[in-house]
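Take this structure, written in structure tokens, and hold onto it; I'll ask about it next.
The values are calculated or read from the model by the stated rules, or taken from the named source; none is laboratory data. Since the structure is predicted, the reported quantities are computational estimates derived from the model, not experimental observations. Cβ placement follows ideal geometry from the backbone for every residue including glycine, while neighbour counts extend to all protein chains displayed. Protein only, heavy atoms only, side chains kept; ligands, DNA and RNA dropped before computing areas. Shrake-Rupley method; radii C 1.70, N 1.55, O 1.52, S 1.80 Å.
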Amino acid sequence: MIGAGTIGERMIEIVQDYFGLTAEDSFPAPKWYFQQMLWVQNPWHPENSAYNYPLALRMHGPLDRSALERSLQEIVRRHQPLRSVFRIIEGRLIQIVLPPQSLPLPVVDLSNICESTREAEALRFAVADANRPFDLSRDPLLRSRLWRFGPEDHLLLLTTHHIVSDNWSMAILLRELSLVYGAFSAGQPSPLPEDSFQYGDFVRRQQKRFEQKESEYIAFWKEQLAGRDSFHYVAPNHARPQSPTYHGTHERLTLDQNLANALKTLGPKEKVSPFMVLLAAFQCLLCRYSGQNDIGVASCVANRQSSQDERMVGHFSNHVICRTGLADNSTLREVLRLVRQTALTAYSYQDLPFGSVVEKLEPASDSSRNNLFQALLVLTEAPKDKWSFSGLDVTPLPLDVGTTAFDLIVWLKLEEKLEIDLQYNSDLFEPDTIRQILADYGTVLSIMSTNPEAQVGELGIALLQKESCNHQRLEPAPQAYVGPRDSIESELVKVWEAVLDKRPVGIEDDFFELGGTSLLAARLFAKIEEDFKLRIPLVTLVKAPTINKLAKVIHLPGTPDAWHSMVTIQPSGVRPPLFCIHGESGHLLMYRSLARYMGPDQPVYGLQPQGIDGKQAPLTRIEDMAARYIKEIQMIQPEGPYFLAGYCMGGTIAFEIAQQLSGQGQRVDLLALLDTYNWRMMQRTFLHNLYFNVQKLWFSCQHFFLTTSSKKLSSLQARFHEFTNESGLAECNRRAACAYVPKVYSGRVLHVRPARQYARYNRPEMDWDELVTGGLEVFCVPSYPAQLVEEPFVRDLATKLRSCISESTARENSIADAEARACEHQSVSFSPRSTTTAHETLCGLPVS
């Protein structure tokens, strides 16, 4: 334990000797998060970025940039955590406070771009900047950037990391910044008094306290959490990935003022706080969902227990778990009293850092996964101290940027109305599930406020009745059956019903929502070609997934538009585009699921081969295909870095595209070869081909037995269609791939392989080791061959590709930020930036 005096001085000496740093102060960092040493060791770990804390401010008026920059430097000087770095010494995480340094305010001028897109571009860049990982061992832990829209229109982004900040801290930062800016812009000194008590003093005070009481705190939490079953109550829609992911999004619900008033009245009547009411209702809901009566939910407490603590920027907030035993015959009034006792007891032990609790309870736990709770419930309050910037109209701008640290976070704001913001892991839950949770939570709150004598066991019936009423109000549903209106739609209905084995099919029904797959789509379009004597590219189904839309394609008269290989699979999103190249069949539908699992912020484009429509001769050389595709890629993205992926033969084309782009001096940051090999080295004797076909049949049978019973027939039909309907285009593409002679590639390659593989491909000469000099990473997906882009394995693939793009763009932004620091006071011209994701800020509101 490091205290004051000679021990503290000795720690500074150790730091200076060990790292060559000039330290103002140093002390062992409180273990607020069990994973925080991992973040220091690996800044690129996706969880590290998930704990970034951005605050965006839209500023209208004559901004004094120099005063703003000086104000930020003054804030950093005043608060030790904002100029701290972290290092690991002898297995302990040490927080090192550096002397005050200059903090540059990079300025990006957007005034010369189109006004209609200016704000959207700025937000896109702000999202990217907010998500750039902090190197906690080196970076200043307050980052700033200013976007200029016009002489009196700006966007300021301030980003910290939760290891040195919390909601309360951001409110302090915002208030102090407004006061200091007002003074500096008027040529006056800072109005803020100096505070002799610093964050290091708080840490040493806590450490001294725990010297006598830590064993008592640990004993309490061990007893409080004994016999738990991980407190996971909401079953995910999707299997949990082997490695944790942090992709998140939000669903929101605002309940009316009458309910908010009823809840405010209920609290004082039952002698509980508003937070206890909201917690009790949520625990009752989880009880009904899970059928369990032992319900544990985490919450976030401010943990500032003195007036000195309340004035400091730093990490003070802590997680506590409120565990309540509920019985079916307990009334909601009795539950409120139980929750009150539970919460008050937990608050008494709130200042033991949660990471220390985890360390003591689960010493062998995987540090990358949270095993103690699934849901975090947080009530936010409006800032008590008002703020305003002299001469400016400043408004906080929420950034909804797509990550979450936990499965479920329930953000609550109770003012005139009750606002519920449910943040969730989008790799685990579907939006419909989250909307149902919100609706059910509102129902429980309504029952609790109007009938506190209702029993917990009765809530299940009430929720079912509410759901039934909701369904009845939806009739007729928006996707109600719509019949065909002409002969073409009638014929298409027959084809869809036959292929999908579903009746009836309406003209507004979505092919994929009816259970359609890429293999069934191939059958569908083969039947359309047979019946209508018209060949349509299979990828048309991406843009025309209903009979109504597809009929319009068939109806279109006249000469078709000029052929384009580029197909938009998922157009929107703030991240850099991913270009996916077709396999030997030429179809792109297989990338539809990949795009969906990579998230709505990831643009995905596909490249289909010439000749797939049957109207042009196919290209016969990989080099020619690559050259053509590059022209179309550069119409979407003129400059690198580029992100490429190709399945099977598509990987061969992607390899050549990367070669040609590198020859142009362009950068390729991702070249993903999905089950792709050096086909030229493949052995193709009669016996090799026979064994290959036997294996192909065997693996298909294995896949059939792993398929759910409801999909076995359609899977079998689709596989049969695949075996018996090979096009001439596929054969042409196969010959081109086998004739291609790859040259040594100096870039980096990601080779994605299935766990099981055909014998003909499991030969060392077919691999890429001798052809890639920039680094070869092999990523194994637990699938059979030809299933990398199918459920459920496509989720693992999407997670990996997204992670690769995020790491690349984060590195690029770090380089750009270093360049901006070198420029310091100079504005930089606008240049497109790729983006990744971070979590939504709540603008520094204190936690109740």
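Condition check: more than 22 Å from Q224 (Cα to Cα) and touching a helix residue (DSSP H, G or I) at 6+ places or on another chain (Cβ under 7 Å). Does F429 satisfy that?
Taking the combined requirement at face value, the residue does not satisfy it.
Across segment 602-645, what is the number of residues that are assigned to a loop (DSSP other than H, G, I, E, B), surrounded by 15 or more Cβ atoms within 10 Å (Cβ to Cβ) and either of a type outside the set (G, A, S) or touching a strand residue (DSSP E or B) at 6+ places or on another chain (Cβ under 6 Å) (or both)? Reasoning before the result, please.
Initially, segment 602-645 is screened for residues assigned to a loop (DSSP other than H, G, I, E, B), giving 602-603, 608-621, 637-641.
Adding the requirement that they be surrounded by 15 or more Cβ atoms within 10 Å (Cβ to Cβ) leaves 602-603, 608-613, 618-619, 637, 640-641.
So of that shortlist, the ones also either of a type outside the set (G, A, S) or touching a strand residue (DSSP E or B) at 6+ places or on another chain (Cβ under 6 Å) (or both) come out as 602-603, 608-610, 612-613, 618-619, 637, 641.
Looking only at that region, the number is 11.
Being closer than 27 Å to A29 by Cα, buried (at least 16 other Cβ atoms within 10 Å of the Cβ) and either in contact with a Gly (Cβ under 7 Å, 6 or more places away or on another chain) or modelled with pLDDT of 90 or more (or both): is that true of Y199 here?
Criteria met by Y199.
Another question, if that's okay. I need the full set of residues from segment 89-104 which are open to solvent by 30 Å² or more (accessible area, probe 1.4 Å) and closer than 15 Å to E74 by Cβ, in order please.
P99, P100, Q101, S102
Then there is this: Considering segment 151-176 alone, what residues qualify as being in a strand (DSSP E or B) and either open to solvent by less than 10 Å² (accessible area, probe 1.4 Å) or of a type in the set (A, V, I, L, M, F, W, C) (or both)?
Correct list: H154, L155, L156, L157, L158, T159, T160, H161.
Looking at (1) at pLDDT 85 or above; (2) open to solvent by less than 20 Å² (accessible area, probe 1.4 Å); (3) under 20 Å from H582 (Cβ atoms), which one does C732 not meet, given that it meets all the others?
(2)
For G314, are the conditions met, namely being in contact with a helix residue (DSSP H, G or I) (Cβ under 8 Å, 6 or more places away or on another chain), among the small types (G, A, S) and crowded, with 22+ Cβ neighbours inside 10 Å?
yes
Something else about it: Can you tell me which of (1) open to solvent by 40 Å² or more (accessible area, probe 1.4 Å); (2) in contact with a strand residue (DSSP E or B) (Cβ under 9 Å, 6 or more places away or on another chain) is the one L286 doesn't meet?
So L286 meets the others, but not (1).
Of S102, S66, which residue is in contact with a helix residue (DSSP H, G or I) (Cβ under 7 Å, 6 or more places away or on another chain), of a type outside the set (D, E) and under 24 Å from P191 (Cα atoms)?
Exactly one of S102, S66 is in contact with a helix residue (DSSP H, G or I) (Cβ under 7 Å, 6 or more places away or on another chain), of a type outside the set (D, E) and under 24 Å from P191 (Cα atoms), namely S102.
Restricting attention to segment 428-437, does a residue exist that is at positive phi and not in a helix (DSSP H, G or I)?
Scanning segment 428-437 turns up no residue that is at positive phi and not in a helix (DSSP H, G or I).
Moving on. Against the conditions (1) of a type in the set (G, A, S); (2) out of contact with any Phe, Trp or Tyr (no Cβ under 8 Å at 6 or more places or on another chain); (3) under 30 Å from E791 (Cβ atoms), where does A405 fall short? Just the number, please.
For A405, the failing item is (2).
Got a sec? Which of S230, S185 is on the phi < 0 side of the Ramachandran plot, open to solvent by 20 Å² or more (accessible area, probe 1.4 Å), out of contact with any Lys or Arg (no Cβ under 8 Å at 6 or more places or on another chain) and of a type in the set (G, A, S)?
Checking each option against the conditions leaves just S185.
Name the pairs whose Cβ atoms lie under 7 Å apart, with the first residue in segment 782-806 and touching a residue at least 60 places away in the same chain (Cβ under 8 Å), the second open to solvent by less than 40 Å² (accessible area, probe 1.4 Å) and among the basic types (K, R), and 6 or more positions between them or separate chains?
Going by the 7 Å Cβ cut-off, the qualifying pairs are I805/R575.
With at pLDDT 90 or above, touching a Ser or Thr at 6+ places or on another chain (Cβ under 6 Å) and surrounded by 18 or more Cβ atoms within 10 Å (Cβ to Cβ) as the only criterion, which of I321, I295 stands out?
I295
Just to verify a result, which residue in segment 643-682, among those that are among the aromatic types (F, W, Y) and at pLDDT 95 or above, is nearest to the chain's Cα centre (by Cα)?
So, considering only residues that are among the aromatic types (F, W, Y) and at pLDDT 95 or above, the one nearest to the chain's Cα centre (by Cα) is F643.
Could you look through segment 758-773, keep only residues that are open to solvent by 40 Å² or more (accessible area, probe 1.4 Å) and in a loop (DSSP other than H, G, I, E, B), and pick out the one that is modelled with the highest pLDDT?
Of everything passing the filter in segment 758-773, T773 is modelled with the highest pLDDT.
Can you report the number of residues in segment 31-47 which are open to solvent by 20 Å² or more (accessible area, probe 1.4 Å), among the hydrophobic types (A, V, I, L, M, F, W, C), part of a helix (DSSP H, G or I) and farther than 21 Å from Q207 by Cβ?
1
A follow-up question, please. Of everything in segment 206-228, what is among the polar types (S, T, N, Q) and in contact with a strand residue (DSSP E or B) (Cβ under 8 Å, 6 or more places away or on another chain)? Give them in sequence order.
Q207, Q224
Residues of segment 737-757 being in a loop (DSSP other than H, G, I, E, B), closer than 13 Å to W679 by Cα and either in contact with a strand residue (DSSP E or B) (Cβ under 6 Å, 6 or more places away or on another chain) or open to solvent by less than 70 Å² (accessible area, probe 1.4 Å) (or both), which ones?
Y740, P742
Please report, ordered by residue number, the strands (runs of 3 or more DSSP E) entirely within segment 237-353 with at least 3 residues that are out of contact with any Gly (no Cβ under 7 Å at 6 or more places or on another chain) and among the aliphatic types (A, V, I, L, M).
294-301
Taking the condition hydrophobic (A, V, I, L, M, F, W, C), within 31 Å of the chain's Cα centre (by Cα), at pLDDT 90 or above and in a loop (DSSP other than H, G, I, E, B), does F134 pass?
On the way: hydrophobic (A, V, I, L, M, F, W, C): yes; within 31 Å of the chain's Cα centre (by Cα): yes; at pLDDT 90 or above: yes; in a loop (DSSP other than H, G, I, E, B): yes.
Yes, satisfied.
Run down I113, I96, I172 and say which single residue is under 26 Å from T380 (Cα atoms) and either under 24 Å from the mean Cα position of the chain (by Cα) or hydrophobic (A, V, I, L, M, F, W, C) (or both). Let's see the steps before the verdict.
Working: I113 fails: under 26 Å from T380 (Cα atoms); I96 fails: under 26 Å from T380 (Cα atoms).
On inspection, the qualifying residue turns out to be I172.
Residues are listed down the side, and each one gets a yes or a no for (1) in contact with a strand residue (DSSP E or B) (Cβ under 8 Å, 6 or more places away or on another chain); (2) touching a residue at least 60 places away in the same chain (Cβ under 8 Å); (3) among the hydroxyl-bearing types (S, T, Y):
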| site | (1), (2), (3) |
| --- | --- |
| L266 | no, yes, no |
| E270 | no, yes, no |
| F275 | yes, yes, no |
| S306 | no, no, yes |
| V313 | no, yes, no |
| S317 | yes, yes, yes |
| I321 | yes, yes, no |
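Tally up the residues in segment 252-272 that are open to solvent by 40 Å² or more (accessible area, probe 1.4 Å) and either of a type in the set (S, T, N, Q) or modelled with pLDDT of 90 or more (or both), please.
So the count comes out to 11.
Matching residues to (1) buried (at least 21 other Cβ atoms within 10 Å of the Cβ); (2) under 22 Å from V668 (Cα atoms):
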{"site": "V778", "(1), (2)": "no, yes"}
{"site": "S783", "(1), (2)": "yes, no"}
{"site": "A786", "(1), (2)": "no, no"}
{"site": "R802", "(1), (2)": "yes, yes"}
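In addition: Which pairs have Cβ atoms under 9 Å, sit 6 or more apart or on different chains, and link a residue in segment 480-501 that is at pLDDT below 90 to one that is surrounded by fewer than 19 Cβ atoms within 10 Å (Cβ to Cβ) and among the β-branched types (V, I, T)?
From residues that are at pLDDT below 90, the pairs are I488/I554.
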